[in-house]
1. In the range 1-14, which residue that is open to solvent by less than 100 Å² (accessible area, probe 1.4 Å) and part of a helix (DSSP H, G or I) is modelled with the lowest pLDDT?
2. Could you grab the pairs with beta carbons closer than 6 Å, sequence gap of 6+ or different chains, first residue in the range 123-134 and within 13 Å of residue 93 (Cα to Cα), second one open to solvent by 50 Å² or more (accessible area, probe 1.4 Å)?
3. Test each condition in (1) of a type in the set (D, E, K, R); (2) open to solvent by 70 Å² or more (accessible area, probe 1.4 Å); (3) part of a loop (DSSP other than H, G, I, E, B); (4) within 25 Å of residue 127 (Cβ to Cβ) for residue 73 and report the one that comes out false.
4. Here's a check for you: in the range 58-69, which residue that is aliphatic (A, V, I, L, M) and modelled with pLDDT of 90 or more is least open to solvent (accessible area, probe 1.4 Å)?
5. Would you please name the residue that is modelled with the lowest pLDDT, looking only at residues in the range 153-179 that are open to solvent by 20 Å² or more (accessible area, probe 1.4 Å) and either among the aromatic types (Phe, Trp, Tyr) or in contact with a helix residue (DSSP H, G or I) (Cβ under 8 Å, 6 or more places away or on another chain) (or both)?
6. Checking residue 32 against (1) open to solvent by less than 40 Å² (accessible area, probe 1.4 Å); (2) modelled with pLDDT under 80, which test does it fail?
7. From the list 86, 23, 42, 55, pick out the single residue that is part of a helix (DSSP H, G or I) and open to solvent by 70 Å² or more (accessible area, probe 1.4 Å).
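The values are calculated or read from the model by the stated rules, or taken from the named source; none is laboratory data. The model shown is predicted, which means the values in this text are computed figures rather than measured ones. As a convention, Cβ positions derive from the backbone with ideal geometry for all residues, glycine included, and neighbour counts pool all protein chains shown. With ligands, DNA and RNA removed, areas are computed over all heavy atoms of the protein, side chains included. Shrake-Rupley method; radii C 1.70, N 1.55, O 1.52, S 1.80 Å.
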Amino acid sequence: MNKISISGFTLAEILITLAIVGVLVAITIPALINNIHKMENVTALKKTYETLSNVYLLISAENGGSMITALSRLDSDTDHEGFSNVFISKMNVAKNCGIKETKDTGCYPMYSGNANWSTIVTNDRIVYVFRLTNKNCTDANASCGVIIVDVNGAKGSSSLATERFEFYVTAQGLYPSGYEKTSDYLNSLSCPASQSTYCTVKVLSSGKIDN
């Protein structure tokens, strides 16, 4: 009778195959996770923009259609906490940090050396930092103040490149940084130059984070 020869993989071949698979996994999985993380940040940014826009409209409506009326009651152009209080009365705030940005009390610092800016954390764990610049900003396109948003600040280490974004509060409306009516419009044309905060409008319009 003829003998049937059955060939199989050697141990060495199996180990080499597993090693190749391991390398491929090590390369692709981190990139996949990073892309998912960016998509989550874009979704959070869009939600944040919608929230702030609605709050802006509510504040204006309660003050005769003018944001300036609401801000004119603040103490000075550096009343950052007063600026935040105008907004947070209409927001789902989990933690009002005020000007105290200490992690051990559940607050999350955004920028070292700027602890006088007022910080809050909302129920969806998004960090907002409020910086008033001019409480009497009557110029249509001038900035009354800046709201810096960290969509992942309360969840882990913050990355300027993919998680921090800016919005300008003006007499005419709330604009994402990089919008054609804001002072950093020209900077937004070169995004993603490290995907800085002035790229907010590009991320919102494109629906993606490039870097």
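1. From the range 1-14, those open to solvent by less than 100 Å² (accessible area, probe 1.4 Å) are 8, 10, 12-14; that's our starting set.
With the extra rule that they be part of a helix (DSSP H, G or I), the set shrinks to 12-14.
Numbers: 12: 75, 13: 71, 14: 75.
The qualifying residue modelled with the lowest pLDDT is 13.
2. As it stands, the answer is 123/92; 123/94; 125/155; 127/108, since those pairs meet every condition given.
3. If we test residue 73 against (1) of a type in the set (D, E, K, R); (2) open to solvent by 70 Å² or more (accessible area, probe 1.4 Å); (3) part of a loop (DSSP other than H, G, I, E, B); (4) within 25 Å of residue 127 (Cβ to Cβ), just (4) comes out false.
4. Result: 59.
5. At the first step, the residues of the range 153-179 found to be open to solvent by 20 Å² or more (accessible area, probe 1.4 Å) are 155-161, 164, 166, 168, 171-172, 175, 179.
With either among the aromatic types (Phe, Trp, Tyr) or in contact with a helix residue (DSSP H, G or I) (Cβ under 8 Å, 6 or more places away or on another chain) (or both) added as a condition, the list becomes 160, 164, 166, 168, 171, 175, 179.
Working: 160: 52, 164: 82, 166: 88, 168: 89, 171: 85, 175: 89, 179: 71.
The selected residue is 160.
6. Among (1) open to solvent by less than 40 Å² (accessible area, probe 1.4 Å); (2) modelled with pLDDT under 80, residue 32 violates only (1).
7. Working: 86 fails: open to solvent by 70 Å² or more (accessible area, probe 1.4 Å); 42 fails: open to solvent by 70 Å² or more (accessible area, probe 1.4 Å); 55 fails: open to solvent by 70 Å² or more (accessible area, probe 1.4 Å).
Unique residue meeting the criteria: 23.
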